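As structure tokens, the structure follows; a few thoughts come after it.
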Protein chains: 2
Amino acid sequence: MRDEAPDQRVQDIGEQGLLKRLQAFCPADIVGDDAAVLDVPVGRSLIVTTDVLVDRVHFSDRTTSPEDVGWRAAAANLSDLAAMGAMPLGITVGLGVPGDLAVNWVERLYQGLTDCLRQYGTVIVGGDVVRSPIITIAITAFGEADPNRIIRRSTARSGDAIVVTGIHGASRAGLELLLHPEQGQSLNPGDRTLLIQAHQRPKPRLDVLPVLWRLWDKEDAQNSKFKIQNSKFKIPLITGMDSSDGLADAVIQLCRASGIGARIERNQIPIPPMLIEWVTPEQAMNWALYGGEDFELVLCLPPEVAQILVDQLGDRAAMIGTTTLEPEVWLVDSSGSYPNERLTFEQGFQHFG
Amino acid sequence: MRDEAPDQRVQDIGEQGLLKRLQAFCPADIVGDDAAVLDVPVGRSLIVTTDVLVDRVHFSDRTTSPEDVGWRAAAANLSDLAAMGAMPLGITVGLGVPGDLAVNWVERLYQGLTDCLRQYGTVIVGGDVVRSPIITIAITAFGEADPNRIIRRSTARSGDAIVVTGIHGASRAGLELLLHPEQGQSLNPGDRTLLIQAHQRPKPRLDVLPVLWRLWDKEDAQNSKFKIQNSKFKIPLITGMDSSDGLADAVIQLCRASGIGARIERNQIPIPPMLIEWVTPEQAMNWALYGGEDFELVLCLPPEVAQILVDQLGDRAAMIGTTTLEPEVWLVDSSGSYPNERLTFEQGFQHFG
């Protein structure tokens with residue numbers, strides 16, 4: 001289909017023509033009404049999240065193919081579902097495109113979206129296509145979760161262990177290589193590809209959820225300890241969010257929402273090992289804390305439970321610190337090489353405008 | 001709050017600052033996590049629809065205040081839910097805004113959104129705010145419906161009566177008055193206001209759904225007739241969609257999806273009576289058929305059931321024609337003043353680009 005008319009523009013086939021082409025990426029039984037029909041399993045809560053991506057603000061042809069834009073957009077939304085403890089039911093895609101955009105660009109975007117969704121067993125269930133002077137992609141993702149096991153931001157308590165999945169800083173490092181291909185000459189080609197892939201094809205951590213759930217299901221000694229720890233709540237609580245806006249931001253947000261603080265151990269933060277060959281330790285730490293878009297999970301759990309989780313996830317997770325009553329977030333170095341540093345939103349946020 | 005800093009721009013308070021201001025328009029218990037949590041009643045299907053609106057493509061400061069942009073955006077999505085037979089559970093709002101946009105503009109947009117939602121007992125449950133060179137509003141609406149009473153486009157059969165709610169052409173006429181205030185001098189001020197309101201504050205026809213459901217619930221003679229009519233299906237079916245893209249478009253879409261045709265009686269189409277004092281009958285009919293944005297329901301039902309529905313809705317509905325085996329849509333005039341006219345998509349659609 002793609003090679004039939006490679007120069008075809010959106011304005012050549014019109015909004016309806018484009019919609020028809022894009023329906024090929026949706027399940028046939030879902031297309032063709034004013035709205036999509038989904039079933040939420042009995043007894044499960046519906047989880048809803050939405051993201052808007054704008055050309056030249058959130059992505060760029062320089063670093064991202066249309067397929068990668070699609071993958072990243074899907075992954076970001078699925079990551080928000082994972083951060084709530086929800087498995088995906090589907091997404092809708094609202095698309096604004098200039099009339100002179102190549103139809104092929106849009107089809108490649110949808111290819112990337114569906115490639116990512118397929119990995120996680122879900123689909124595009126609906127959408128809208130409109131004319132816009134700038135490419136705009138608005139995704140809403142739906143998931144379903146056990147109402148008693150929803151992961152929230154506000155339920156951490158002082159003394160919780162802070163667990164992160166995966167590594168941090170890889171996405172930002174990959175972006176650097178895409179923006180400045182002359183950099184990172186000391187990296188071997190395999191490591192280079194891994195970093196770039198981390199930026200272009202991030203993986204939402206839906207795989208962590210079944211491991212978390214097993215902690216509750218298992219009637220073993222550790223689990224009853226956990227239940228006792230949480231006995232002042234009716235149900236055990238999991239606290240967490242994803243690190244899409246950076247690891248520092250996630251820790252600060254969790255602490256603020258829960259009314260507590262944290263001490264993060266600098267040496268415990270998992271940083272991609274190949275960065276050591278390429279940039280200074282300070283630069284690597286900066287990317288890990290503030291780079292963002294690693295789409296890992298940051299969780300607060302009673303220390304015993306955190307230990308079991310880390311044991312079960314193996315090198316896919318690490319304990320990086322502890323929550324504190326004092327409502328400040330500190331980056332500390334037990335080896336004494338660096339002074340303690342207070343983490344604040346100001347360092348972490350890209351300001352608007 | 002609005003008068004405190006009337007000149008404040010989005011870039012002055014940043015994305016996070018704006019988000020915080022907008023959270024005042026959402027229920028407090030829903031704000032602050034990666035995603036919103038909703039409950040779908042047991043045994044009900046989740047209905048999802050999405051729309052994207054772009055400044056200067058779908059709305060304009062010339063004809064529409066920010067409150068009206070919000071109202072219309074909410075109404076369009078609730079209308080899609082009504083067209084599926086679904087009652088609303090909530091909406092998400094994905095917003096792209098230039099940094100130099102007045103914060104007050106965004107607050108007024110959200111005021112219009114929530115004013116409309118409140119009328120229909122629903123709320124904003126989540127959203128995203130990003131920087132964009134052009135104001136873009138992406139709304140996803142969620143509703144819940146009885147899985148056996150979902151209104152679809154593809155289930156009409158030849159011999160069905162075609163019922164429309166409300167009047168058609170009023171929204172397009174109101175737009176004309178906004179674009180050319182010097183027009184319509186013959187209209188009295190009350191009628192003028194009614195037409196402009198039809199454009200600025202359209203009403204999704206969620207009120208029709210309980211009337212439709214009662215047709216199924218009542219165990220009276222007409223109802224059993226209806227059940228017999230539909231006996232080749234396991235459950236009674238309602239066919240329909242909304243007329244957001246025009247009445248002609250709706251009839252053509254329903255016929256195409258159901259593999260049938262229709263004959264529409266020109267004199268039965270309910271047109272706002274005040275148009276007769278203002279424009280030619282041909283102009284009024286053109287606006288009624290192709291103007292769009294009236295957000296009424298177009299339904300195909302067995303004639304006996306259609307008659308009961310029209311009787312119950314009173315002047316809020318009319319029977320305008322019949323579906324036919326022959327897969328073409330004709331506008332006919334039984335009084336003989338106009339020749340039969342075949343309706344096609346080409347007349348109805350705004351082309352893209």
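How about region A:1-104: which strands (runs of 3 or more DSSP E) wholly inside it have at least 1 residues that are closer than 22 Å to residue A:144 by Cβ, touching an Asp or Glu at 6+ places or on another chain (Cβ under 6 Å) and at the interface with chain B (Cβ under 10 Å from one of its Cβ atoms)? Working first, answer last.
Working: elements: A:36-38, A:45-54, A:87-97.
Once the strands (runs of 3 or more DSSP E) in region A:1-104 are filtered for at least 1 residues that are closer than 22 Å to residue A:144 by Cβ, touching an Asp or Glu at 6+ places or on another chain (Cβ under 6 Å) and at the interface with chain B (Cβ under 10 Å from one of its Cβ atoms), what remains is A:45-54, A:87-97.
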So which residues in region A:253-267 are touching a helix residue (DSSP H, G or I) at 6+ places or on another chain (Cβ under 9 Å) and more than 12 Å from residue A:324 (Cα to Cα), if there are any at all? A:253, A:266
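Can you confirm whether residue A:243 is surrounded by fewer than 22 Cβ atoms within 10 Å (Cβ to Cβ) and either hydroxyl-bearing (Ser, Thr, Tyr) or free of Cβ contacts under 8 Å to residues at least 60 places away in the same chain (or both)?
Details: surrounded by fewer than 22 Cβ atoms within 10 Å (Cβ to Cβ): no; either hydroxyl-bearing (Ser, Thr, Tyr) or free of Cβ contacts under 8 Å to residues at least 60 places away in the same chain (or both): yes.
No; evaluated as a whole, the condition is false for this residue.
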Please go through region A:125-141 and pick out each residue that is assigned to a strand (DSSP E or B), at pLDDT 95 or above and hydrophobic (A, V, I, L, M, F, W, C). A:137, A:138, A:139, A:141
Criterion violated by residue B:128 - all others in (1) more than 24 Å from residue A:42 (Cβ to Cβ); (2) acidic (Asp, Glu); (3) within 20 Å of the chain's Cα centre (by Cα) satisfied: (3)
Quick one: is residue B:316 basic (Lys, Arg), assigned by TED's automatic domain parsing to the domain that holds residue B:198 and more than 17 Å from the chain's Cα centre (by Cα)? no
Might you let me know whether region B:275-283 holds any residue that is modelled with pLDDT of 95 or more, surrounded by 21 or more Cβ atoms within 10 Å (Cβ to Cβ) and closer than 26 Å to residue B:71 by Cβ? no
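Let's see how each residue does on (1) within 14 Å of another protein chain (Cβ to nearest Cβ); (2) buried (at least 17 other Cβ atoms within 10 Å of the Cβ):
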position: A:121; (1), (2): no, no
position: A:124; (1), (2): yes, yes
position: A:131; (1), (2): yes, yes
position: A:137; (1), (2): yes, yes
position: A:142; (1), (2): yes, yes
position: A:145; (1), (2): yes, yes
position: A:154; (1), (2): yes, no
position: A:176; (1), (2): no, yes
position: A:180; (1), (2): no, no
Tell me whether region B:148-163 contains one or more residues that are in a helix (DSSP H, G or I), over 30 Å from residue A:138 (Cα atoms) and at pLDDT 95 or above. no
Go through region A:61-82 residue by residue and tally those that are among the small types (Gly, Ala, Ser) and out of contact with any helix residue (DSSP H, G or I) (no Cβ under 9 Å at 6 or more places or on another chain). 2
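The values are calculated or read from the model by the stated rules, or taken from the named source; none is laboratory data. Every value quoted in this text rests on a predicted model; they were computed, and no experiment measured them. Glycine gets a Cβ as well: all are built from the backbone with ideal geometry, and neighbour counts include every protein chain shown.
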